[in-house]
Every structure is written in C-alpha cells, then in structure tokens.
Amino acid sequence: MSLFQAFIAIIRRDLLLAFRRRAEMMNPLFFFIIVVSLFPLGVGAQPHLLQTIAPGIIWVSALLAAMLSLDGLFRSDFDDGSLEQILLSPHPTSVLILGKIFAHWLVTGLPLILVAPLLAEFLGMPGDALWVLIKTLLLGTPVLSLIGAIGVALTVGLRRGGMILSLLVLPLYVPVLIFASNAVEMASGGLAVDAQMNILAAILCLALVLAPLPASAALKMSMS
Amino acid sequence: MSQLGKQEILLTAKALCCIRDDRILFDDLNFDVRAEQVLLLEGKNGSGKTSLLRILCGFREPDAGEVFWCGQTLNNQYYAQMMYVGHQDGVKHELTVKENLLMTLALGIPGKCSIEQALQKVHLQGYDDVLVQSLSAGQKRRLSLARLLITDNKLWILDEPFTSLDKYGIDIVETLMAEHVNQGGLIVMTSHHDVNLSEINTLQINLS
C-alpha cells in the first residue's frame with residue numbers, strides 16, 4: 001500500500017491501542033494536574049507569587065509529564081516484536097515513526113493543552129496570558145514528543161533506561177521551556193510575544209523535519 | 001522466461017562473520033539460496049542461528065562480509081519481498097486478529113491471499129474479531145505465520161516457526177512452506193524439530 005496509507009494506518013493503530021489501554025494513558029495527565037496543584041500547597045497562600053511563577057510551573061510540569069509518557073512510545077512495540085515488523089517495512093521508517101510520534105502527541109500532549117486553561121485559572125493567570133499559554137503549548141508539546149522520540153529510541157533497548165532518558169532529553173527541552181514560559185510571562189505583563197512565537201514555530205518545523213531521521217536510525221541501532 | 005526469472009531470485013551471503021562478546025560465532029560463511037530452495041540452519045543453542053537471521057534481516061551488521069539479494073545489497077526492493085517471523089510474534093495483544101493483519105497489509109504490499117483466505121489456511125477462521133490476548137500461544141504463532149500469506153513476498157525468514165505449535169499445527173505450517181517453495185519462493189529457517197520437507201530442495205548448514 002502507499003506510504004500515506006501506511007502512515008494513516010500507524011496513527012489509527014496507535015490511537016486504537018491507546019483507547020484500549022485508556023487507564024494507562026490517563027496517567028501523564030493526572031501527573032500534570034497533581035504536580036501543578038502541589039505548588040500552591042508548597043508555596044502557601046501567596047497569590048501574587050503564584051501568579052508570577054504560574055507560566056514556569058505549568059511549563060515545567062508539562063515537560064515532566066511529557067517525559068513520563070515517553071517510554072510508552074516504543075516500549076510495547078519493542079517488547080512484542082511489532083517494531084521489527086515496522087522496521088522491515090519497505091516504506092521509509094522515518095515517516096512511519098513520525099506517524100507514531102503524532103499519535104503519541106494526540107494521546108499525551110493534546111490532553112495537557114485541554115486541561116491547561118483550568119490550571120492556569122487555578123494559579124490566577126490573567127486572561128490574556130491564558131491564550132498565549134495555549135498557543136505555546138500547541139507549538140511546544142509536539143516538539144517535546146519529537147525530541148523525546150530520539151531519546152527513547154536510543155534507550156528502548158536498555159532494561160532500565162528511564163533515568164538515562166531524562167538525562168538525555170531534559171537538556172534538549174531547555175530552549176522550548178525558555179521561549180514558551182518567557183512568552184507567557186511577557187503576555188501577563190501585556191507585552192507583544194510575536195518573537196517568541198515565531199521562534200517556537202521555527203523549532204517545531206525544524207524538529208518535524210529533523211527528529212524522525214535520527215529516531216529511526218537509533219531504533220535500528222537498538223534492534224541489534 | 002520463467003527459467004530466467006527463477007535464476008534471478010537469489011539470496012547470497014559472502015564471507016559472513018559474526019562476533020559476539022569476543023567470541024566468533026561463525027566466520028567466512030558463504031551460501032546461495034535460489035528460488036524453490038529451503039535453507040535450514042542447524043546448530044546448538046548459542047551457535048549463532050538467530051544472529052545470522054538477524055543479519056539477513058538487516059537488524060544487525062555482519063562483522064565482515066555482505067548479504068546480497070538478486071545481486072544487490074539489501075535495499076527497499078528486498079524489504080518489499082521478504083517477511084520475517086521471529087521469536088516474538090509481532091502481534092499486538094490489544095488488537096483483534098483482523099486489525100493485526102490489516103496493519104501488516106498497510107506496512108507491506110498485499111499478496112495473493114485475502115485475510116479471510118489466510119486465516120482459513122492457518123485454521124483460524126472465525127477468529128477475525130477476537131482479541132489476540134485471548135488466543136493461545138499456538139494460535140498466536142499461527143496468526144503471525146498468517147502474515148506470510150497475506151503479503152506479496154518471495155523470501156521467508158523464519159526463526160523457530162514450530163515453537164509452541166502442536167503436531168497438527170506443525171503439519172499446517174509444513175504444508176504452507178511446501179506450497180510457498182513450489183510457487184518459486186525461498187525460505188531461510190532455523191528449527192529444533194525435524195522438518196519434514198522431503199520433496200523440496202533443502203540446503204543445510206550446521207553452524208556449530
């Protein structure tokens with residue numbers, strides 16, 4: 001079948017699998033909600049302080065939640081041999097991997113974006129900043145999945161790759177974190193955020209084109 | 001024409017060497033497998049049978065030597081014409097039998113058999129909408145072997161295809177293998193069981 005059909009079939013399969021294991025798939029979302037709600041408890045009743053650090057809190061929590069969900073990207077396929085079948089397909093592996101990453105983002109990234117406004121309200125973020133927050137999450141979370149895919153492809157062959165994965169991937173998340181939380185912070189102060197948005201969009205384009213290639217190469221390495 | 005066509009299909013290994021943890025598993029291994037031939041790899045546990053199959057699949061780089069398909073190094077054309085069934089079944093437990101086979105079709109090129117025909121051949125008819133997790137080990141094995149039938153392929157690479165199959169299942173698989181070879185296919189396989197392929201041109205390589 002054509003490459004496009006294979007791409008769609010991979011996305012459909014992964015969404016179907018996520019639906020059949022939905023309990024497992026909700027974990028990153030609950031993690032995100034709980035981490036964000038820990039901050040008011042730890043910081044105490046200081047609404048102004050919480051309002052100031054809200055962009056950082058939400059973005060760091062989103063980052064950790066995304067990282068927590070990464071291991072599921074290739075683990076089960078690696079364990080049951082489906083990954084071998086995907087790598088043996090005559091279609092370019094990087095495109096098939098991109099399909100897997102997209103499905104993974106739909107299942108783990110998109111729910112974060114949907115629940116973020118609630119948490120922003122909870123931390124007292126002003127209305128203008130809320131829209132900017134959603135836009136940064138829309139541009140930023142796919143990057144987290146794309147970059148994370150490289151890390152998880154490198155570590156999927158290791159039995160206890162979790163810690164190494166975070167050491168590999170978290171430093172690479174720093175640019176996204178800086179520009180995204182800065183944009184939300186500026187927006188709370190009523191300033192223009194076009195520059196940050198453009199940079200985030202550029203990072204996303206770059207990651208879309210460049211991440212699937214090393215990810216598929218790393219998966220082939222993990223196979224041997 | 002058919003004679004020529006048959007001659008062109010050829011899996012060649014040239015001076016293959018595989019080293020694992022400073023131990024030479026095999027060195028200077030050469031073979032040709034042509035259409036209508038079966039290559040049966042024998043040897044003790046740990047003698048490198050699976051490593052050789054993984055080299056043929058391209059999962060592992062040989063430490064020396066090269067594998068050729070129809071005179072060329074392994075390329076997309078090769079991957080379009082080969083199917084691999086390994087130790088792991090390669091099926092998703094949370095999907096139904098049919099959903100699993102549809103995925104295989106999407107990844108490859110549809111072949112002679114429809115999904116229904118293939119399920120009939122491996123005696124899994126009527127299991128289309130059953131989740132794989134409720135199949136027995138032998139049924140899962142037969143499902144992963146059904147993948148061989150629904151795609152268009154020439155070369156089967158089978159790693160212990162008879163594992164967890166009963167006597168009856170082994171008969172089914174042997175029939176399918178004979179059918180494939182008689183239609184001009186190639187098989188490279190390992191097996192601990194005695195393979196009953198008396199009327200087929202079988203090469204044997206003992207790795208130990």
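Couple of notes before you dig in:
- Annotation: of all residues in region A:1-28 being under 18 Å from A:His91 (Cα atoms) and not in a helix (DSSP H, G or I), the one that is modelled with the highest pLDDT is A:Ser2.
- Tally of residues being within 14 Å of another protein chain (Cβ to nearest Cβ) and surrounded by fewer than 21 Cβ atoms within 10 Å (Cβ to Cβ) across region A:186-217: 1
Yes or no, residue by residue, for (1) of a type outside the set (Phe, Trp, Tyr); (2) farther than 15 Å from B:Gln88 by Cα; (3) modelled with pLDDT under 90:
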| residue | (1), (2), (3) |
| --- | --- |
| B:Gln117 | yes, yes, no |
| B:Tyr127 | no, yes, no |
| B:Val132 | yes, no, no |
| B:Arg142 | yes, no, no |
| B:Ile157 | yes, no, no |
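- Enumeration of residues in region B:92-118 that are more than 10 Å from chain A (Cβ to nearest Cβ), assigned to a helix (DSSP H, G or I) and within 17 Å of B:His180 (Cβ to Cβ): B:Gln117, B:Ala118
- Residue match in region A:92-114 (condition: in contact (Cβ under 8 Å) with a residue 24 or more places away in the chain, in contact with a helix residue (DSSP H, G or I) (Cβ under 6 Å, 6 or more places away or on another chain), surrounded by fewer than 22 Cβ atoms within 10 Å (Cβ to Cβ) and of a type in the set (S, T, N, Q)): yes
- Of the residues in region B:128-135, at least one is surrounded by 18 or more Cβ atoms within 10 Å (Cβ to Cβ), closer than 23 Å to A:Arg21 by Cα and more than 7 Å from chain A (Cβ to nearest Cβ).
- Test result for B:Leu158, away from chain A (no Cβ under 12 Å) and part of a strand (DSSP E or B): yes
- Filtering region A:44-58 to residues that are among the small types (Gly, Ala, Ser) and either surrounded by fewer than 15 Cβ atoms within 10 Å (Cβ to Cβ) or not in a helix (DSSP H, G or I) (or both) leaves A:Gly44, A:Ala45.
- Total residues in region B:55-91 satisfying the condition of being more than 7 Å from chain A (Cβ to nearest Cβ), part of a helix (DSSP H, G or I) and either buried (at least 22 other Cβ atoms within 10 Å of the Cβ) or touching a residue at least 24 places away in the same chain (Cβ under 8 Å) (or both): the figure is 4.
- Options B:Leu149, B:Leu176: the member that is part of a helix (DSSP H, G or I), in contact with a Cys (Cβ under 6 Å, 6 or more places away or on another chain), more than 14 Å from chain A (Cβ to nearest Cβ) and buried (at least 19 other Cβ atoms within 10 Å of the Cβ): B:Leu149
- Sole residue being of a type outside the set (Gly, Ala, Ser) and either buried (at least 17 other Cβ atoms within 10 Å of the Cβ) or modelled with pLDDT under 90 (or both), chosen from A:Leu83, A:Leu41: A:Leu83
- The set of residues in region B:7-26 that are of a type outside the set (Val, Ile, Thr) and over 20 Å from B:Gly58 (Cβ atoms) comprises B:Gln7, B:Glu8, B:Asp21, B:Asp22, B:Arg23.
- Check on A:Gly151, over 23 Å from A:Met223 (Cβ atoms) and touching a residue at least 60 places away in the same chain (Cβ under 8 Å): no
The values are calculated or read from the model by the stated rules, or taken from the named source; none is laboratory data. Keep in mind it's a predicted model, so treat the numbers as computed, not measured. In this analysis, Cβ positions are derived from the backbone assuming ideal geometry, glycine residues included, and neighbour counts consider all displayed protein chains.
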